[in-house]
Amino acid sequence: MGKRYDSLSEEDKEFIKKQKMFFIASSSDGGEVNLSPRGYDVFRILSDNEVIFLDYVGSGNRTARDINADGEVTIVFCAYEGNAKILRLFCKGEVVDKENAQARSYFEGTNFEGMRQFIKLRIYCVESSCGMSVPFYEYKGDRDTLKEWCIDGERKGKNKAYQEKNGTPPDLSEFREKNL
């Protein structure tokens, strides 16, 4: 049975720091739930109820869309090594400009080239559950493909055009009406 509480514990913080990936889910206006896995060392804990992560240019920008529409955000961490555990952070968010000095200060030594923005989250509920069905996986390293693609796009001046073209999530209402 899962446990719910108001803020991160020290144990939760240590667990998060050890994870190599997390999942972010968001939704707004009763629309589809967007779910994305995230890797790299991009997640920082600011306090018991506040976190921030660095967001690279990529496919659509649904997380930001949902945040800007006052939607909900859930972060999920799973233990793939050691003791089983799943940790969910239920949040409201804020999109922070990639040039924001305060946000950048949390990522000392990071190359910000190619990044899109920061996502700052205010945690209103933490849920911990057993995670006993999550399989063991061995971490072998990061894939640098996205970072390289983002950096190359920024150097060639293509990221802004890419974001403008792909930044608005598709309207899936036609598919929903036809198939439900």
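The values are calculated or read from the model by the stated rules, or taken from the named source; none is laboratory data. Note that the coordinates shown come from a computational prediction; the quantities given were computed from them, not determined experimentally. Cβ atoms come from the backbone with ideal geometry, glycine included; neighbour counts cover every protein chain shown.
For the reader, a short list of remarks on this structure follows.
- Looking across segment 22-57, just one residue is under 15 Å from TYR124 (Cα atoms), charged (D, E, K, R) and assigned to a strand (DSSP E or B), and that is GLU50.
- Scanning segment 66-78 for residues that are part of a loop (DSSP other than H, G, I, E, B) and either buried (at least 17 other Cβ atoms within 10 Å of the Cβ) or of a type in the set (D, E, K, R) (or both) returns ASP70, GLY71.
- If the condition is being part of a loop (DSSP other than H, G, I, E, B) and either touching a residue at least 24 places away in the same chain (Cβ under 8 Å) or surrounded by 15 or more Cβ atoms within 10 Å (Cβ to Cβ) (or both), then segment 83-109 contributes ALA84, LYS85, LYS98, TYR106, PHE107.
- Against the list (1) closer than 30 Å to ARG155 by Cβ; (2) under 13 Å from the mean Cα position of the chain (by Cα); (3) surrounded by fewer than 17 Cβ atoms within 10 Å (Cβ to Cβ), the condition PHE112 fails is (2).
- Test result for ARG122, closer than 25 Å to ARG65 by Cα, charged (D, E, K, R) and surrounded by fewer than 17 Cβ atoms within 10 Å (Cβ to Cβ): yes
- Test: residue in segment 144-160 that is surrounded by fewer than 11 Cβ atoms within 10 Å (Cβ to Cβ) and modelled with pLDDT of 90 or more: no
- Only one entry of ARG143, ARG155, ARG122 meets the criterion of being touching a residue at least 12 places away in the same chain (Cβ under 8 Å) and in contact with a Cys (Cβ under 8 Å, 6 or more places away or on another chain), and that entry is ARG122.
- Residue ID - surrounded by the fewest Cβ atoms within 10 Å (Cβ to Cβ), chosen from residues in segment 27-65 that are under 27 Å from LYS140 (Cβ atoms) and modelled with pLDDT under 90: SER59
- Residues of segment 4-26 that turn out to be surrounded by 14 or more Cβ atoms within 10 Å (Cβ to Cβ), of a type outside the set (Val, Ile, Thr) and closer than 19 Å to CYS130 by Cβ, as a count: 6
- Only residues that are at pLDDT below 95 and either under 23 Å from ASP6 (Cβ atoms) or among the β-branched types (Val, Ile, Thr) (or both) were counted in segment 73-82, giving 0.
- Neighbours by Cβ (under 7 Å, 6+ apart or cross-chain): first from segment 28-54, farther than 24 Å from THR110 by Cα; second of a type in the set (Asp, Glu): SER28/ASP66; SER28/ASP70; ASN34/ASP66
- Taken over segment 70-108, the criterion of being charged (D, E, K, R) and within 20 Å of TYR137 (Cα to Cα) is satisfied by GLU81, LYS85, ARG88.
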